[in-house]
Amino acid sequence: MRSRTKNMCFKISMSSIPTTTTITILLVLSLSYSLIHSSSSSSSSSSTTPPPLPILPIPNAFQLQWQLTNMALFFHFGINTFTNSEWGSGHVDPTTFNPTELNASQWIRVAKDSGFSRVLITAKHHDGFCLWPSHYTHYSVRSTQWRNGEGDVVSDLAVAAKDAGVGLGIYLSPWDRHENCYGKTVEYNEFYLAQMTELLTRYGEIKDVFLDGAKGEGEKDMKYFFESWFSLIHQLQPGAAIFSDDGPDTRWVGNEGGAAGSTCWSLFNRSAAGIGRVDFDSKYQSEGDPSGPDWVPALCDISIRPGWFWHASEHPKSARTLLNIYYKSVGRNCLLLLNVPPNSSGIISAEDIQVLKEFSDLRNSIFSINLATNAFLNASSTRGGIHDSRFSPNNVLKEDIHTYWAPEENQSSWTLYINLQELVSFNVLQVQEPIQMGQRVIEFHLEALNQGGVWNRVANGTTIGYKRLLLFPQVKSQYLKLVVDKSRAEPLVSYLGIYMDPVTILSDIQDEKLVGRFNGSRVLRTRSTTYNDSHIATM
């Protein structure tokens, strides 16, 4: 059976390319094929080549599943929804809470229809009001007129999520402005763990537990026993990913603008960070640490509206704005947590639903068809030789993180050659690593052959991780090269896609150096204009 990579050399149309360039292309491809063939011959007499060693740190099972989901919806809902506030005082009459049309099934339907497979809810925000009937406080749905005090928002959402196959997460605010025991170290930690236990034992499987260190200025001093909390959470829900400023499982990206750094490592040093620190390093949170000993991928959080809770006077961002955010979060090795607050009736507002639909339609129109699907691929080398399909460059066209291209060890260059078989116009590159083997790539770039027979660099990128999206000026070419310039170990590529985005304006995909505390207590600091960490070569 003849391989696709071997056939590639005979499927190139040279009619429109100068003779000298034709010779150059054939020499490059022949050389790469010779290298592969040599590798194959040298290994044919030995036993099957095993996969490469993972490079530490690597994700655990639930961290891996968390990253594969790409996006989650956050539902900020509570007393604040009815008082036009963001941070409640903790002393509002609980009967103020009365969502007469509450429909958690609608929330889940909106999430699923929009492409979100996880949701989180503010089971308790800073005001201390609980959306479930806790046994440890009267400041909850039990003290409202809603459903005659018999309602349970968390239960409604848990049932709807389970029925739809959507993962459920909870946010339990450490800061509590209602409880008198707040500020008493042992007493409040006992209280907090008791409420956490209720949430983790009443409502089935919990996929995410979201914590933060938010606290207003001048509030009581409070020492949280975070390590005890983490241990209990993992004991009661072994598959739950715990989020905080520094993990242990996922980390805050350091701002509320929904944007990671153009360099973003899942590697991190937890001992260099801390939950709720006022002197936190937003750049470290955003970029991670290529030498970090811990696997703690970043989460980008942002609200669809200006506020985190619903306000009648506010309106949602546009679908195009959400797409820009998608490039700077999911497209930079992060999970996007998009807040969509239910209104005071207890449902998602129609205008928010419309924006989410448009956002979903935009993503589908751009990313549903990989323009490289029918390409012929070659590589500078292949682990185990060309006949070992387990590490073939053709694997990068499969949407499966467990299949990948792997080069031979101890190589001086790592290149994938792509023949699209025809001239194709595109302006987006998607690259993915099999992160279960560790995050490896430090720098890479994409080149395209123009009509004059010259290889031009289209874009530069730094880290890849689970997913990297690079947007650049439109290119029209048949021949591409993905070159890994620097890597922590032999680079592995699980997916490569090229797409055409006719909507996004390149200047909108810029880095904004944001700092922020959860729920928007810090503001924009500076702005720069780097596009996807790329130096653009116009074709």
Review point. In percent, what relative contact order does region 239-337 have, based on Cα pairs under 8 Å that are 6 or more apart in sequence?
Key: 33
Review point. Region 188-325: Rg/Rh from Cα coordinates, Kirkwood Rh?
Key: 0.99
Point to revise | Convex hull volume per residue for region 185-226, taking Cα atoms only, in Å³ | key: 81
**Study point:** Inverse of mean 1/r across different Cα pairs in region 385-520, Kirkwood, Å
**Key:** 16.1
Study note, to complete from the structure: Computed on Cα atoms, Rg of region 451-514 relative to 2.2 N^0.38 Å comes out at 1.31
Exercise for review: Over region 157-216, calculate the relative contact order: mean separation of alpha carbon pairs under 8 Å at least 6 apart, over the residue count, as a percent.
Suggested key: 52
Point to revise | Length-normalised contact order of region 351-442 in % [C-alpha pairs under 8 Å, at least 6 apart] | key: 27
Exercise for review: Excluding residues fewer than 8 places away in the same chain, name every one of the lysines whose C-alpha is closer than 26 Å to that of residue 467.
Suggested key: 112, 207, 283, 317, 328, 357, 398, 476, 481, 486, 513
**Study point:** Viscosity 1.002 mPa s, 20 °C: Kirkwood-radius Stokes-Einstein D of region 149-191 over Cα pairs, µm²/s
**Key:** 166
Review point. Got a sec? Charge dipole of region 441-493, +1 on Cβ for Lys and Arg, -1 for Asp and Glu; which of 474, 449, 459 is way out at the positive end?
Key: 474
Revision key, fill the gap. Given 20 °C, 1.002 mPa s and a Kirkwood radius over Cα pairs, the Stokes-Einstein diffusion coefficient of region 44-103 in µm²/s is 124
Study note, to complete from the structure: The summed charge of the residue 450 Cβ neighbourhood (under 14 Å; Lys/Arg +1, Asp/Glu -1) stands at +2
Practice item. Mind putting a number on the dipole of region 195-309 about its Cα centre? Charges go on the C-beta only, +1 for Lys and Arg and -1 for Asp and Glu, and I need it in Debye to the nearest 20. Key: 180
Study note, to complete from the structure: FRET efficiency for residue 503 and residue 412 from the Cβ-Cβ distance with R0 = 45 Å, rounded to 0.05, comes out at 0.65
Study note, to complete from the structure: Expressed in square angstrom to the nearest 10, the accessible area of residue 159 with a 1.4 Å probe stands at 80
Revision key, fill the gap. Semi-axes (Å, rounded, descending) of the ellipsoid equivalent to region 226-286 per its C-alpha gyration tensor are 22, 13, 10
Check your understanding: Using a 1.4 angstrom probe with every protein chain in place, what is the largest-first accessible-area order of 399, 187?
Key -> 399, 187
Exercise for review: List the lysines whose Cα lies under 24 Å from the Cα of residue 223, skipping any in the same chain that are fewer than 8 positions away.
Suggested key: 124, 184, 215
Exercise for review: Find out how many positive minus negative residues lie around residue 67, taking Lys and Arg as positive, Asp and Glu as negative, among other residues whose Cβ is under 14 Å from that of residue 67.
Suggested key: +3
**Study point:** Listed peptides 488-495, 329-336, 93-100, 474-481 by packing density, highest first (mean Cβ within 10 Å)
**Key:** 329-336, 488-495, 474-481, 93-100
Review point. What do you reckon, how do 503, 424 stack up by accessible area (1.4 Å probe), largest on top?
Key: 503, 424
Check your understanding: In whole Å and largest first, what semi-axes does the C-alpha gyration tensor of region 198-254 yield when each eigenvalue is scaled by 5 and square-rooted?
Key -> 22, 14, 10
Practice item. Quick one: check the C-alpha center-to-center distance for region 462-481 versus region 250-328, whole angstrom. Key: 23
Review point. Does region 126-233 classify as rounded, prolate or oblate by the C-alpha gyration tensor (a ≥ b ≥ c root eigenvalues; a/c under 1.5 gives rounded; else a/b over b/c gives prolate, otherwise oblate)?
Key: oblate
Revision key, fill the gap. Per the Kirkwood formula over distinct C-alpha pairs, the hydrodynamic radius of region 293-404 in angstrom is 17.4
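The values are calculated or read from the model by the stated rules, or taken from the named source; none is laboratory data. From a predicted model like this one, the values you see are computed outputs, not experimental measurements. FYI the Cβ positions are ideal-geometry reconstructions off the backbone, even for glycines, and counts take in every protein chain you see. These accessible areas exclude ligands, DNA and RNA; they are computed on the full protein's heavy atoms, side chains included. Shrake-Rupley method; radii C 1.70, N 1.55, O 1.52, S 1.80 Å.
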